[in-house]
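Just so it is clear, none of the values below were taken in a lab; they were calculated from the coordinates. As the structure is a computational prediction, the values presented were derived from the model and not from experiment. Heads up, the Cβs are rebuilt from the backbone with ideal geometry, glycines too, and the neighbour counts pull from every protein chain shown.
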Amino acid sequence: MMFVMLLFQTVLTAMTQIWANKVRALLTTLGIVIGVTAVVATVAAVQGLETSILSEFETFGTKKVYIDGRTPRKLRGRIPRWKVELKMHEVHAVVKNATTLARFTPLIFMGFDVEFEDQKVTGVQVMGIWPAWHDIEARSVLSGRPFNSVDEEQQLSVCLVNDKAIEILGLNKEPAGTAIRLGGRRFNIVGVVETKTVGPMFGGGATQAEVFIPASVALNLQPTRKWVNFLLAELKTPDMAEEAKAEVGSILRRIRQLEPGEEDTFDVAVLQSFIDQFKKVSRIITFGSVGVVAISLLVGGIGIMNIMLVSVSERTREIGLRKALGARPEVILVQFLIEAVTLCMFGGFIGLALGWSIIQVAKAAAPDMLKFAAIPLWAAVLAVGAAAITGIIAGMFPAIKAARLNPIDALRHE
Amino acid sequence: MTTTPAIQIRSLSKDYRIGTEKVRALRGIDLTIQRNEFVAIMGASGSGKSTLMNVLGCLDRPTAGEYLLAGKPTHRMGSGRLSRVRNEEIGFVFQSFELLPKMTALGNVMLPLLYSPKYWWGARGMAKKSLARVSLSDRLTHRPNQLSGGQRQRVAIARALVTNPSILLADEPTGNLDSKTSNDMMALFKQLHSEGQTIIIVTHEEDIAGNANRIVRLRDGKILSDFPTDQDPTHQAYIRAAATAAVQLAEATVTVGAAGGAA
């Protein structure tokens, strides 16, 4: 009972000391405040960013694999771009041989003037695709029908549009059966594709007018062009990311007859591997911020030690009195340790509050990126705990000094 | 037990080293103080009275000799046990009160009780009772800066008495008080003495020492004289001189008053 009271009284004494020297206490614990603020805000931001990015990846589709031509650094400017682009025969080779991939579609980006009745819209994005595109991108039709293999094989002049295209061309709400002209050629609209909003990371946000045509038709529209922008495929299972990269790589290297040691003239990007990398980076940042905290706690600890030494010399008479009244040296030691710990935890809690405020401000400033940012419990406990341990370490020397004071000299101290 | 003297000191000496110089503050003191004595220790500065005070209060250990407090050989104790003796057997009253400014009167009085688990139950009650003994029951929640000098010294006395110590040790207890408050304070000491408390005060003022029943005078670290107050020649001479001075002052006042009246 009284032990609790002694403890309580000691903590209370410490608090009164802090309160009586508010500015000093604040300046003293600045190192700890900054350290805790930094770690808490960083961890919260990184974790929040990770959550929002991962959830964005999730909506974008983590199983997607993008394959396209890429000029190696050494050859940049020496060979024309089209030479490395993915050709249709390469697309077919990958489709035929890749065991790690399931669905496939080439992506052929083009821009055409689109005409409907007397309306003419210039530079509309037109994309050549295969029917599997609907499944890979998870974009089905809202009305009409999706593409099928007949459209592709028969090279039918059919197209799909999205709602934005309907809007700018002034089509009616159910445009299936209506004809529009793309690059002077007549196309029948067979369906309306839903518009999928992707996060700002992937260039989403504002939706554009989109027109889709079968890939074979797209290549026919530009006879000189024999290449596709991307081959988009899907992993059979999410854990096949690295396998798929290796497999597609070996298929394309064989076709392109690249010698061992020669650099790839293509790129296989798997979102899953980006995610793995991102997770690794965020872990590094988290550990890094813990390192920052260690340094600032060291600096903060020196400040605490300094102020505790000041406190011991300021309160020499009090120490002398307490000893004269029968306080054993250990009691004095514990008293000053508790004071140092209280001071540090005070700084820790201020840091926690400050970190929380920073996160709130950041969330208000960048709601897309940081909407999931929150201080994890482990970070809060770790930060305040580390502050308390700093208090014990930094307070030890001044506390020992106080405990060893000779009561006679202490009472004579001015 | 009751026959054991409060204090027994045998050939006690204390040496200090200030720089390279050795100071022999106490040079063989023999002193026995019985329970319920009221003793004044007097001496000029440098006589060793402060050193004796520190040794009596177990704040300092003698270089040689024996010191038995209530029969316990303190000269053989380690610092931990001395802390306990200070806590339980000795009540200190300091010249400058030494109250903690941020604590209430009650908190200050409870302070010694915090340092010994055996007092933890009922500490508040003990502290209140002790404050009642010095007539401060109505000042429990006052802080030192809300109290007068005399009240502060009473709080200090209540704190000294709270553990029912064997001896009450007061170092110049009236040094920071005006003469009226000093008289009140000495009346309080006398009352405590009449209640059975053993009291030792260290002072350099003859009229304060006159309240004690016994005066021990120190010079150069030795006991110069040790008499009951009414047999102490120095004190008796002081009383006579003071009386003479008072009479002379009264006569002078009358003369001046008469001259003023004539003019």
* For labels at A:LEU298 and A:TRP19 in the simple 7 Å Cα→Cβ model, what's the distance in nm? -> 3.6 nm
* Per residue and in Å³, how big is the convex hull formed by the alpha-carbon atoms of the stretch B:149-263? -> 148 Å³
* To do: Take the cross-link list B:LYS102/B:LYS128; A:LYS63/A:LYS280; A:LYS323/B:LYS180 and give me the ones stretching past 28 Å between alpha-carbons.
  => A:LYS323/B:LYS180
* To do: At a Cα cut-off below 20 Å, give the aspartates and glutamates reachable from A:LYS363, other chains included and same-chain residues fewer than 8 away excluded.
  => A:GLU50, A:GLU56
* So, counting K/R as plus one and D/E as minus one, what does the shell of residues with Cβ under 12 Å around A:GLU262 add up to? -> 0
* **Alpha carbon convex hull of the protein assembly as shown, volume per residue in cubic angstrom** => 332 Å³
* Would you work out which of B:ALA123, B:ALA160, B:GLN34 lies farthest towards the positive end of the dipole of the protein assembly as shown? Charges go on Cβ: Lys and Arg +1, Asp and Glu -1. => B:GLN34
* Structure fact -> Dipole check, the stretch A:190-342, charges on Cβ (K,R +1; D,E -1), about Cα centroid: among A:ALA244, A:VAL281, A:THR316 the Cα furthest to the positive pole belongs to A:THR316
* Suppose every K and R has +1 on its Cβ and every D and E has -1 on its Cβ; what is the size of the dipole of the stretch B:15-125 about the Cα centre, in Debye to the nearest 20? -> 280 debye
* Asked: Taking the Cα centre of the stretch A:229-306 as the origin, how large is its charge dipole in debye, to the nearest 20, when only Lys and Arg (+1) and Asp and Glu (-1) carry charge on their Cβ atoms?
  -> 320 debye
* Structure fact -> Over the protein assembly as shown, the sum of -39500 (n - 2.57) across DSSP H runs of at least four, divided by residue number and rounded to 500 deg cm²/dmol, gives at 222 nm -16500 deg cm²/dmol
* Asked: Which listed residue (B:GLY150, B:THR234, B:THR181) has the Cα farthest towards the positive end of the charge dipole for the stretch B:146-263, taking +1 on Lys and Arg C-beta and -1 on Asp and Glu C-beta about the Cα centre?
  -> B:GLY150
* Structure fact -> In the protein assembly as shown the DSSP beta bridges are antiparallel at a rate, in percent to nearest 5, of 65 percent
* Asked: What are the DSSP H helices in chain A that stretch 27 Å or more along their long axis, judged by alpha-carbon atoms, and whose average Kyte-Doolittle hydropathy comes to at least 0.5?
  -> A:30-60, A:271-314, A:329-365, A:377-404
* Asked: How large is the charge dipole for the stretch A:273-414, taken about the Cα centre, if only the Cβ atoms of Lys, Arg (+1) and Asp, Glu (-1) carry charge, to the nearest 20 debye?
  -> 160 debye
* Asked: Can you give the Rg and Dmax of the stretch A:58-140 based on its C-alpha atoms, in angstrom?
  -> 16.6, 50
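Mind checking the mean number of beta-carbon atoms from other chains within 10 Å of the Cβ atoms in B:100-107?
Averaged over the peptide's residues, the number is 3.
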